[in-house]
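These notes are about the structure you will find just below.
Coordinate-derived values only; no laboratory data. Bear in mind the structure is a predicted one, so any value in this text is a computation, not a measurement. Cβ coordinates were reconstructed from backbone atoms using ideal geometry, including for glycine residues, and neighbour counts include every protein chain displayed.
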Amino acid sequence: MVGHRLEMKIRSVRFLVIPAAILVFVTAVIPLIVLATSVIDKADIFSVWTHSSVRRALVFSLWQALLSTAFTIFLGVIATWHLSRYQFFGRRTFIALVTVPFVLPTVAVGAAFIAVLPKALHHSILAIVLAHIFFNISIVVRTVGPRWNSIDDQLIDSARTLGASPLQTWRHVIMPLGKNAIFSATALTFFMCFTSYGIITILGGPGLATVDIEIYRRAVQLGDLSGATVLAIAQMLLIALTFLLWSRSRSTELVLFRAQAISHRRLSLAPKCFFLALAAFFTVPLLALLAASMRTRDTWSLTGWKVFLGIQKQRGIDFNMWQAIQTSGKYALIASCIALPTGIAATYALSNRRSSHSRLSAFVILPLAISPVVIGLAILITYDFQPFDFRSSWLLIPLVHAAIALPFVMRSALPVVEGIPNDLRCAASTLRAGPWRRFLTVELPLLKPAISTGLAFSLAMSLGEFGATSFLTRRESRTIPIIIASLFGKAGDIPRTTGMAASLVLIVTTAMIVITIDRKSHT
Amino acid sequence: MSLIIDNISFSYGDRAILNKLSLEVPTGTTTAVVAPSGVGKSTLLRIIAGLLTPSSGSIILDGKNLSLVPTHLRSIGMVFQDNQLFPHLNVYDNVMFGLRMAKTEKKIASERCRDLLELVGLSQIAKQSVDTLSGGESKRVALARALAPSPILLLLDEPLTGLDSELHDRLAHELQRILHATSTTALLVTHSIHEAEIISDSIHHLQ
Amino acid sequence: MKKTHIALGTSLAMAFLYLMTSCSSETSTTKNLTLIAYDSFTPPETAFDAFTQETGIKVNIALAGDAGEMVAKASLTSGNPEGDVIWGVDNTLISRATDSKIFASDPTEVDYGDVCVNFDIAALGQTEPPLTLDDLVSSDYKGMLVVENPATSSTGLAFLLATVAAFGDSWPDYWKQLVANDVQVVDSWDEAYYTAFTRYGGDRPLVVSYSTSPPAEVIFADPPLAKGSPAPTGVASETCFKQIEYAGVLRGTKYSGQAQQLVEYLAGPTFQALLPESLFVYPANQDVALPQSFVDYAPEITTSFSIPPNEIAKNRQSWTEQWSAIVLK
């Protein structure tokens, strides 16, 4: 009887995917179709590939992404294993810390890396790979972590008693159990590296371009919107395909939800050194940035900070920091309010249907997969007629922010939603609790980790103004990343130190938000 | 191949869980340690298996002191209370696991695997996935899996706890039969004297 | 249950759409004008107060990315623009803008500036600062110059155009000489200025920047420069390319009369006086007096190179590609 009811419930929640579908349609699919049909010149579908700059961009995108992904996954897997199974000082903070770079504006991070790296390495593939690791390691930690965290200690013990050495346990138990999560993390990491824009712009040498950069040049500088759109669509299809192939879920996999205490085993020396090195990797650039914000040539000075905080007025620099914070904050909150329920609802719709999971993964990644330039332009020409003239709507930017955060909200919600044992739902229903009540009293508390991680991601991504919205016209007052960019566009000591101060504050604020929300939740 | 537990003590923080425990399990026999819950029975098994280090005392198996020997080299099998079957492997592969780790030759391994599955009465469901098994079936797979690599010693943690009473007695007798048929040296912990009496040859009470 | 959910979902979606549409401005007599500008358009906050006082209209600034992005978007939305007035279409982009007919009427020149080679006086020490483009290829300045990539930087593009204007068809030879003289290339102005320029810890005392960079260095010096001391940087005054920026009413705006008033205000003395020390450009309006910092520290540029806008538009891509082939290899 209960089983039958459960089956009915599974079928009837499919509609929960509708808000997510609407969001992606409105922000990406429809605009792209409109753009494609209005600007693409059929000849360009083939001729755009004949440009040597396009081919070079494609080749470069591919190999730097593969290299970056390989290193990120390698280091990420090692870090994730220890983070998900050992208790050590600062563990939860470390997990949150590792997520922060992911959502930082590249303007700020670029400044930090340049401050820290020796001159010779400023334009090198090493710098690019390092920066990619910095940004994307959290993908591995957050995708594979929950999976490994849920492995019962005793399962490992049983492997030991069956004669498996640590290496064999790793190979035959731990990796197979993490395989899907690792595939999934690899796909997402590859995608982030492939579509990397800011990092390549700042740390790549002149002439180095990824496909996204090439799309930008075609669209903006050369006025070749047709070619740019063709490239953007091709890239989008490639990414979606990668996701479809790599995000398979196996039906035999059970993710057991355990609010289990992490093993009290202590870390041995080698992992400790590894984490120290990793922690340094994340904090040293920030310290370099702090130093740079207070240093002018040979003297130390707090002028940059004073101007930033409004304590000191500077002729030629005039911005309202508090208003910028308000604007950024407003966008971030609204974006999160849209992204969270939409994402969690969609996860519910999928949680028991493995086959649709990879298809939806590929679908929600679209707003991220399409070049920001193209999305910006597409939205511009799509929503420009009454009564659908949304171009001037204040809601547009948070909406696009939400669309971009959506895959991350879903990704963090999935293991949690799936881990809620069905017996809990059955038990609640036998207590005559209707589905809403059941949800609010039983499931919502269990969803807290998903909600907080999702919230942290959407807030931080919005604050850093990720991707697509960089190309939308902003009508409210300036946001913080824009203020930083225009400060760096002026010559002189003070704009520079003020810009660095602003970058540091943005980074630290974002970090604090992510860390606080995250720590409260767990793992 | 006897097991000697020599003056094992273990404390968690300042709470003493085991205090100078000594015990001997003669070769080929089954000994039960009976004690109420929470007294340290599982801890004892974990120490013997090498998953925990005792504060003092030693484990001697077949004349060899196991103090510095890591778990995977001790040749001590264990059946866990909640079975701990590998979710990503089917029944057959679960049982094969220990044999694969020992790099046993394929033909010999598969023969042993089949023999054990037959011994526990599960030959028909060899290819089934482990999340569809009943309580009793899971326990039997766990047992077959632990026995497959022919361990010198087999540890059983509350093997019948949690199974419904009908299954209980039946499985208890089966367990006794299987252990006897394979001449396994075994140590089991339980809170039920009744269970201990059916399965084991000697009983030791723990304070 | 399923049906109720569908109904609920649909009504939510409708409410959502309604909310979004009702937020766009639909007033026929307007009290608001939208001015589209690039991200680094940073006039003081009170810049439009006089206009609002006079006309009762509030000016909302919409930031549309960098100049290139701004024009790309304007071209795409020609006839149905995102705003009423646009500021900051420069002479390298004006041709594209007019071809796409983004303006309702002829655009007005609002400011100008020069892109020139700047030098760090202290870092040059005893070496005589360069004056002309030819100077830059002499061995005296080997390994001293950093330029920006014209494909990624408007400053770099301007410098390339200066060399095209100066040397005509043999401009590639000039660049081959620069390469032989160990010129460094970076992707953006801020990288050139803040990372490669000696004044900020780099190793290149010569950088392609603006003629208004020296006064900026003075205004923004920290600690402030002693009264009467010269600017720390100077400009090679015969290496300059003139950049001119335009503003205009966008075709398709519903409020062309008021938009025209705004354009006049932008070109008028009140607003133009604010330009030098906020945007670091020269006001197009010749009646406006320059601030003291400019009088004291901004170099006199009497000759600068220029190329007709439509020629720029026509050849820009091929020049850039040719440049890449020579310089970036």
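As a check on your grasp of the helix formula, calculate [θ] at 222 nm for chain C: sum -39500 (n - 2.57) over DSSP H runs of n ≥ 4, divide by the residue count, round to the nearest 500.
Details: 14 runs with 129 residues, N = 329.
Computed ellipticity for chain C at 222 nm equals -11000 deg cm²/dmol.
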Problem set entry | Kirkwood Rh in Å, taken over all unlike Cα pairs in the protein assembly as shown | 32.7
Exercise. Taking only C-alpha pairs under 8 Å that are 6+ residues apart, what is the relative contact order of the stretch B:61-207 in percent?
Worked result: 28
Exercise. If the cut-off is a Cα-Cα distance under 18 Å, which aspartates and glutamates reach B:Lys64, setting aside same-chain residues fewer than 8 apart in sequence?
Worked result: B:Asp6, B:Glu24
Exercise. Hey, what angle do you get for helix C:67-76 against the long axis of chain C, alpha-carbon based, 0 to 90 degrees rounded to 10?
Worked result: 40
For this session: Please give the helix C:309-327 orientation as an angle from the longest Cα principal axis of chain C, in degrees from 0 to 90, rounded to the nearest 10.
Result: 50
Problem set entry | Karplus (6.51, -1.76, 1.60) ³J(HN,Hα), θ = phi - 60°, over the stretch A:145-162, in Hz, Gly and Pro reported as x | x, x, 5, 6, 4, 7, 6, 5, 3, 5, 5, 4, 4, 5, 5, 4, 5, 8
Exercise. Relative to the longest principal Cα axis of chain B, at what angle does helix B:106-119 sit, 0 to 90 degrees, rounded to 10?
Worked result: 80
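Using Cα-Cα distances under 8 Å and only pairs 6 or more residues apart, what relative contact order does the stretch A:45-255 have, in percent?
Numbers: 213 pairs, mean separation 65.1, N = 211.
Relative contact order for the stretch A:45-255 comes out at 31 percent.
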Problem set entry | Reach of B:Lys41 by Cα under 21 Å, taken over lysines that are not fewer than 8 positions away in the same chain | B:Lys20, B:Lys139
Exercise. Using the Cβ atoms and a cut-off under 14 Å, what net charge is assigned to the surroundings of C:Ala273, where Lys and Arg are +1 and Asp and Glu are -1?
Worked result: -3
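If you take every DSSP beta bridge whose two residues both sit in the protein assembly as shown, what share of them, in percent to the nearest 5, is antiparallel?
On the way: 43 of 77 bridges.
If we restrict to bridges inside the protein assembly as shown, about 55 percent are antiparallel.
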Problem set entry | P(r) histogram, all alpha-carbon pairs of chain A included - 20 Å bins from 0, percent | 21, 55, 22, 1
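For the stretch C:110-190, what is the per residue volume of the convex hull drawn over the alpha-carbon atoms, in cubic angstrom?
On the way: hull volume 9.4 nm³, N = 81.
Expressed per residue, the convex hull around the Cα atoms of the stretch C:110-190 is 116 Å³.
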For this session: Could you tell me, in Å, what Rg and Dmax come out for the Cα atoms of the stretch A:45-255?
Result: 19.9, 67
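Could you list the square roots of 5 times each eigenvalue of the Cα gyration tensor of chain C, that is, the equivalent ellipsoid semi-axes, sorted largest first and rounded to whole Å? Don't skip to the end; give the middle numbers.
On the way: eigenvalues 340, 121, 79 Å².
Whole-Å semi-axes of the equivalent ellipsoid: 41, 25, 20.
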Problem set entry | Neighbourhood charge, 15 Å Cβ-Cβ cut-off, centred on B:Gly121 and excluding it, Lys, Arg +1 and Asp, Glu -1 | +2
Exercise. Which cross-chain or sequence-distant (5 or more) residues have an amide H under 5 Å from the amide H of C:Asp114, H modelled 1.01 Å from N in plane?
Worked result: C:Ser211, C:Thr212, C:Gln243
Problem set entry | From phi via Karplus (6.51, -1.76, 1.60), per-residue ³J(HN,Hα) for the stretch A:329-336 in Hz, x at Gly/Pro | x, 4, 4, 5, 5, 5, 4, 5
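Beyond 19 Å between alpha-carbons counts as too far, so tell me which of B:Lys106/B:Lys127; C:Lys101/C:Lys254; A:Lys490/C:Lys227; A:Lys179/B:Lys107; C:Lys101/C:Lys314 fall in that bin. Don't jump to the answer; show the numbers that get you there.
On the way: B:Lys106/B:Lys127 17 Å; C:Lys101/C:Lys254 16 Å; A:Lys490/C:Lys227 22 Å; A:Lys179/B:Lys107 29 Å; C:Lys101/C:Lys314 17 Å.
Pairs exceeding 19 Å: A:Lys490/C:Lys227; A:Lys179/B:Lys107.
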Seminar exercise, completed: Once both label points are put 7 Å beyond Cα along the C-beta direction, the C:Lys58-B:Ser123 separation in nm becomes 8.6
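Suppose a student asked you for the relative contact order of chain A, using Cα pairs under 8 Å spaced at least 6 residues apart; what percent would you report?
26
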Seminar exercise, completed: A correct Karplus calculation of ³J(HN,Hα) over the stretch C:249-254, with 6.51 cos²θ - 1.76 cosθ + 1.60, θ = phi - 60°, whole Hz and x for Gly and Pro, returns 6, 7, 5, x, 5, 7
For this session: Determine the calculated [θ] at 222 nm for chain A from helices alone, applying -39500 (n - 2.57) to every DSSP H run no shorter than 4 residues and normalising by the residue count; nearest 500 deg cm²/dmol.
Result: -22000 deg cm²/dmol
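Once you have the alpha carbon radius of gyration of the stretch B:72-207, what is it after dividing by 2.2 N^0.38 Å, with N set to its residue count? Don't skip to the end; give the middle numbers.
On the way: Rg = 14.4 Å, N = 136, 2.2 N^0.38 = 14.2 Å.
Taking the Cα Rg and dividing by 2.2 N^0.38 Å, one obtains 1.01.
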Exercise. Of B:Lys103, A:Lys490, how do they rank once you tally other Cβ atoms within 10 Å and put the fewest first?
Worked result: B:Lys103, A:Lys490
Exercise. Using the Cα atoms as the points, what is the convex hull volume per residue of the stretch B:48-129 in Å³?
Worked result: 132
Seminar exercise, completed: Taking max minus min of the Cα coordinates of the stretch B:150-207 on each principal axis, largest first, gives extents in Å of 30, 29, 16
Exercise. Which cross-chain or sequence-distant (5 or more) residues have an amide H under 5 Å from the amide H of A:Arg295, H modelled 1.01 Å from N in plane?
Worked result: A:Ser301
Problem set entry | Cα extents of the stretch C:94-145 along the three principal axes, largest first (Å) | 54, 19, 14
Exercise. Which aspartates and glutamates have a Cα less than 17 Å from the Cα of C:Lys58, not counting those fewer than 8 places away in the same chain?
Worked result: A:Glu476, C:Glu26, C:Glu45, C:Asp49, C:Glu82, C:Asp84, C:Glu264
